[in-house]
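All remarks here apply to the structure that follows.
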Amino acid sequence: MATRGPEGAPPQETLDDRALGRALLARQHLLRRAPLAPAAAVEHLVGLQAQAVLPPYVGLWSRLDGFAPEALGALLESRALVRLTLMRGTIHLVTGRDAWALRPVVQPAIVRGHRGAWGKRVGDVAPERIADAVHALLADAPLGGRELGRRLVEAGVGTDVEAMADAATAYATLVQVTPRGVWGASAAPAYRPLATWAPDARADAATPDEVVLRYLAAFGPASVRDAQAWAGITGLAATFARLRDRLVTFRDARGRELFDLPDAPRPGGDVAAPARFLGEFDNVFLAHADRARIWPEGFRWGHVVHGRSLGMVLVDGLVRAGWWAERPARGAGAVVVRPFGPLTRAERADVLAEGRRLAALLDPGARDADVRFERV
């Protein structure tokens, strides 16, 4: 079914939620695993949500053919990949050059979020003074966030340790240094300036046009509001208007205009979608203002947090279960699946098979790792 487009334009095709979901999964390499190197995949995805250590590994394992977690850890250790605050003011895993390119674009949103949460406690300390003091304190060695805040206060920059710790990551572009994020390692976050940690990756700031085109390649078709929700920034309507002649347009089931790259995959809603396990807050779940393409009708966030944050299980292209790993003893453990509703026998078998492969990834030395389903 087509609806009338802008005046003088041909009618716009309507894409229902299922078709939009399949397009999203195709671009995210979640319909079939792709033969990509990890760094290339991270760039295509415009980064991976990395608030916790494990999700980027699970996310790439679910997307890439032959993925080895040690390879991703090595990229962090070589500084080809870095962890820092980016879209929506959250920690992302990106290539070094994307860290340089994307941070200036989302910097206003990061500052806005910081001021909304901490502005009164920071007071009237100038952002430039904070950034200069942070770079001086981190010139020789990394520091954890609270220690960095404490030293700022000791140096007379602000009076509130917690507020200054947050201000440090808002006003200075800081990366979480290794071994934080490295497979098999364990470390609390500690920070160095990007300019110190990955100077050879230096790149020009991306333009809004470039960011929108990359977003559509990884998450389209999408509306202006969708792109703004993903990036955490506003004012992209003018960018989409400028790009309109380079894009194709559609309508969703609720009549909203969607934009897309002309040659991007849109496989249709009848394409099969295998079960996939993803980490908590994977960007595939957060990249749209209207999430009906991947969240089932009636989904409640109470499904996700029940004494813990859960990873997500896609079944037939929708979030249908949560998961977590249990390791009660070395040599035994389980991937626990909590369905949010009934699964068919075929769906349960698909989740079971994929879950067993995940269990082997998470603990390759385990003798008895398996998948356990909680009762619905």
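Quick note: the coordinates plus some simple rules give every number you see, no bench work behind them. Note that this is a predicted model, so its numbers are computed, not measured. Every residue, glycine among them, receives a Cβ derived from its backbone with ideal geometry; neighbour counts consider all protein chains shown.
Per-structure values
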item	result
The stretch 1-294, relative contact order in percent, only Cα pairs under 8 angstrom and at least six apart counted	27 percent
R0 of 30 Å, Cβ-Cβ distance residue 13-residue 40: FRET efficiency to nearest 0.05	0.45
Extension gain, residue 373 back to residue 65 (0.36 nm per residue minus Cα-Cα distance, nm)	108.3 nm
Contour minus Cα-Cα distance for residue 51 and residue 78 (0.36 nm per residue)	7.7 nm
Sum of side-chain charges, residue 95 neighbourhood, beta-carbon under 11 Å (Lys, Arg +1; Asp, Glu -1)	0
Square roots of 5 times each gyration tensor eigenvalue, C-alpha, the stretch 137-227, largest first, Å	31, 18, 14
For the chain, Kirkwood radius (reciprocal of mean inverse C-alpha pair distance, Å)	22.0 Å
Histogram of C-alpha separations across the stretch 86-146, 10 Å bin width, %	18, 41, 39, 2
Cβ-defined net charge surrounding residue 299, 10 Å radius [Lys, Arg +1; Asp, Glu -1]	+2
Rounded Å value of the spacing that divides the Cα centres of the stretch 237-260 and the stretch 159-233	27 Å
Segment residue 204-residue 286, length gained on full extension (0.36 nm per residue, minus Cα span)	26.9 nm
